Amino acid sequence: MENRIFDAIIIGAGPAGIFTALELTHLKPESQVLIVDMGRAIAHRTCPARTTGKCVHCDPCGIVHGWAGAGAFSDGKLSLSDEVGGHISEYLGHPKAQELIHQADELYLRFGAPKEVHGLGDPKEDTELAVTLREGQKIGRDEVLRRLVGIQYERNDVNLTRNKFRVRGDVLEIFPADQSEHLLRVEFWGDEIERLSEINPVTGEVVGHPKFTIVFPASHYVVSKEKLEPSIREIERELAERVEYFKKNGKLLEAQRIEQRTRYDVEMLREIGFCSGIENYSRILLGREPGATPYTLLDYMPKDYLMFVDESHVMLPQVRGMYGGDHSRKVSLVDYGFRLPSAFDNRPLNFEEFESRINQVIFVSATPGQYEREHSTQIVEQVIRPTGLLDPRVEVRPVTGQIDDLVSEINKRSQKNERVLITTLTKKMAERLTEYLEKAGVESVVFDRVEQNPLTTTAMEAAAFIRQEKCDTVIGLGGGSIMDCAKAAAFLSVNDGDINDYIFGRRKSSLALPIILVPTTCGTGSEGNGFAVLTNPLNGDKKSLRCNAIVAKASIIDSECMMTMPKSILASVGFDAFCHCMEAFISKFGQPLTDMMSLQGMKLIGKYLVPLYEGQYSLEAWDALSWASTLGGMVIHSAGVTLPHGMEHPASGLRNIVHGRGLAALTPVIMEETISCCAEEDRKKFAEISRCIGGTDETDCAAEIRGLLERLQLSETLTGLGIREEDVDWMTENCIKVSAAGISCHPVSFSRSQIRELYRRAL
């Protein structure tokens, strides 16, 4: 090259290099700019794989070099969404970032870049599947709708959530699968897109006007017709083998069942490219060999990635157990003709496969197991926990000798020159307990002024009583209201300030007096968690004080203490316990352990609650129901409650409604709407809930809940509980204020207007 002087030399002819050069020449046309790129001459950059379908390992590579690859000159790659890598939107905002991307795309097209848009997989497939929209594009509204349906979007003109769209005249609104914050509004003028807008789904505010956008498929299981037909033929081949197997072994019912179910799935795949349970055909759709290791997130990690296994003493056994648990469940499905044997290959990794994919790992645990110790080259002990708190210990004791156990705990405190406060539901119960303790030589004081839906002021009064009497331990003997008030009083007695500051998180404390709980109802589960639900009498706010310090030091659960419950209370608290288990089960923050405990609780309630209500008393049934109630309290401590509790608290806070009856009025309505628009995985959970109370699948879940309420004579409406139409707006706003956690835990995100409508439907 002759000696020349350049104003700028740019190393690398990727998009950054090209557009830097372009901007320099735009600002100063006389600029002399040199771009230096590694690899073959541009005219010779070709890839044999485009004709052979296979890489032949050219040296040097004909199109790619370096970390990012020379995409600009080799194949014209350009990301058309700021959601895909990079941080440009953090500096410019999403609308401006998308505008610049569109500008770059127009320049690419001007200089001869291909017009096809590629996305998730094979280029040909992605061109067919992704829906590309531009302002000024000549395309009819109905054609866009047809394409959206083809990539698994559903029309829902009432509840617009992810993977759905709605149509109002010439205005189309889409909630893209890859978005969580913005809707896409498409306005048509005849057969032309007049305007694209990004909309805040809650406020309806327009936040941007992109010139160009791509709507990606709603499901990763969307498959092109070219790939689908060979897969369907393989499914039909396996079906024929399975039907023949069942017939040879005299299993005619199973043969009929597998043929009917699989034929239906095949028809759905042919018609819409998707079917319920499509993941069970994933091995066939992906073209993997039988028994091959499935793809996981670990396959996408770089070679030098670092894995952290948090709470490894729990996590590693779960990883070990996942494969076996999944296989055990699939055995029944395959043996009884519900699924083809290929469903076995839709599975988690076994532990050996998991181990083979570990590169570098750090196990984090307070109690590491033998595996972690054997596979660690260095062990570091952290003396002080990051939170500064110790995990509370939950102790469940035998049902026999409960009161004697209580006396023993009191004596332990007495030996330390400490006093104990016991709260009870009724004066009669207080008198009987006082008499018993006096005979046992135990000095005690009683606070008996706790009301239904305990008030913050009552808890403050009880705390003052504790300080006055110089008590050192608090015992809650009664139902949920009693136990919640006891926990709050134990907390307030050693903490200054307004309790509402602690409830709403403006102040924090990890201090409370020791608490012993003795439940006399089987519903609230307060004996198993660190929640204390209180109502502020000044504004009707009903919200939980949440703190590990108010987890009981000991919970004494004796089903014999519950047998005198009136039927109406049994129905109310029993349904409350069911809601605790159900809501923890469907919560976004649920875990395998809480799921297992929730299912057990729902099964026990489904089996025993109605017989007990109808008078078929047995100690076994009472023990089972008591255990289910405690399980419900424990699981919501970790997984939280969802929208039924979130919407009920404003109602009972406003009108002092019995909590279980408020849930009875709201839960069926909420579940109906949730099931109608939740994700496929959540529908499976609703199917399991339905089976716990006598149903078959998610389609009859809400009906089975209504049936349970009818058998408990608990069919309620908000109107029947004293709620009026004019209360709806206040309850809606109060729900948003005090129940944000419950709203966020719910499997479906409901807007303010949708919550308002659910209240109205429950009237």
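Each reported figure results from applying straightforward, stated rules to the coordinates on display, with no laboratory input. All of these numbers come straight from a predicted model, not from anything done at the bench. Heads up, the Cβs are rebuilt from the backbone with ideal geometry, glycines too, and the neighbour counts pull from every protein chain shown.
Filter the cross-link list LYS416/LYS487; LYS470/LYS542; LYS247/LYS588; LYS247/LYS603 down to pairs whose alpha-carbon distance in this structure exceeds 32 Å. Let's see the in-between values first.
On the way: LYS416/LYS487 21 Å; LYS470/LYS542 29 Å; LYS247/LYS588 43 Å; LYS247/LYS603 35 Å.
Among LYS416/LYS487; LYS470/LYS542; LYS247/LYS588; LYS247/LYS603, the Cα-Cα distance tops 32 Å for LYS247/LYS588; LYS247/LYS603.
Show me the chymotrypsin sites (Phe, Trp or Tyr not before Pro) within region 172-267 that DSSP assigns to loop and that have at most 11 other Cβ atoms within 10 Å of their Cβ.
Working: sites: PHE188, TRP189, PHE212, TYR221, TYR245, PHE246, TYR264; in loops: TRP189, TYR221.
Within region 172-267, the qualifying chymotrypsin sites (Phe, Trp or Tyr not before Pro) (loop, at most 11 other Cβ atoms within 10 Å) are TRP189.
Show the residues, 5+ positions off or on another chain, whose built amide H is closer than 5 Å to the amide H of VAL361.
MET307
Would you mind ranking VAL331, VAL669, VAL314 so that the residue whose beta carbon has the fewest other beta carbons within 10 Å leads the list? If you can, show how the numbers build up before the last one.
Working: VAL331 11, VAL669 22, VAL314 15.
With the sparsest Cβ surroundings first, the list reads VAL331, VAL314, VAL669.
Below 8 Å, C-alpha to C-alpha, sequence gap of six or more: please give me the relative contact order for region 455-494 in percent. Write down the numbers at each step before the final one.
On the way: 31 pairs, mean separation 21.6, N = 40.
The value is 54 percent.
Work out from phi, with θ = phi - 60° and the Karplus expression 6.51 cos²θ - 1.76 cosθ + 1.60, the ³J(HN,Hα) of each residue of region 321-333, listed in order in whole Hz, and give x for Gly and Pro.
Rounded to whole hertz, the list is x, 4, 4, x, x, 5, 5, 4, 5, 5, 4, 5, 4.
Among 721-732, 706-717, how do they line up from the highest to the lowest mean number of other beta-carbon atoms within 10 Å?
Values: 721-732: 15.8, 706-717: 17.7.
So the peptides 721-732, 706-717, ranked by packing, come out 706-717, 721-732.
Starting from region 601-655, pick out the chymotrypsin sites (Phe, Trp or Tyr not before Pro) whose DSSP state is loop and whose Cβ has at most 12 other Cβ atoms within 10 Å.
Numbers: sites: TYR608, TYR613, TYR617, TRP622, TRP627; in loops: TYR617.
Counting only loop positions with at most 12 other Cβ atoms within 10 Å, the chymotrypsin sites (Phe, Trp or Tyr not before Pro) in region 601-655 are TYR617.
Find how much the distance from LYS737 to SER356 grows on full extension, using 0.36 nm per residue of separation minus their present alpha carbon separation; answer in nm with one decimal.
Details: separation 381, 0.36 × 381 = 137.16 nm, distance 4.79 nm.
So the extension gain works out to 132.4 nm.
I need the calculated FRET efficiency for the pair ARG237 and ASP697, taking r as the beta carbon distance and R₀ as 30 Å, to the nearest 0.05. Intermediate values should be presented prior to the final figure.
Numbers: r = 29 Å, r/R0 = 0.95.
E(calc), rounded to 0.05, equals 0.55.
Can you tell me, using C-alpha contacts under 8 Å and at least 6 residues apart, the relative contact order of region 437-590 as a whole percent? Before the final figure, lay out the partial values.
Details: 258 pairs, mean separation 34.8, N = 154.
After rounding, I find 23 percent.
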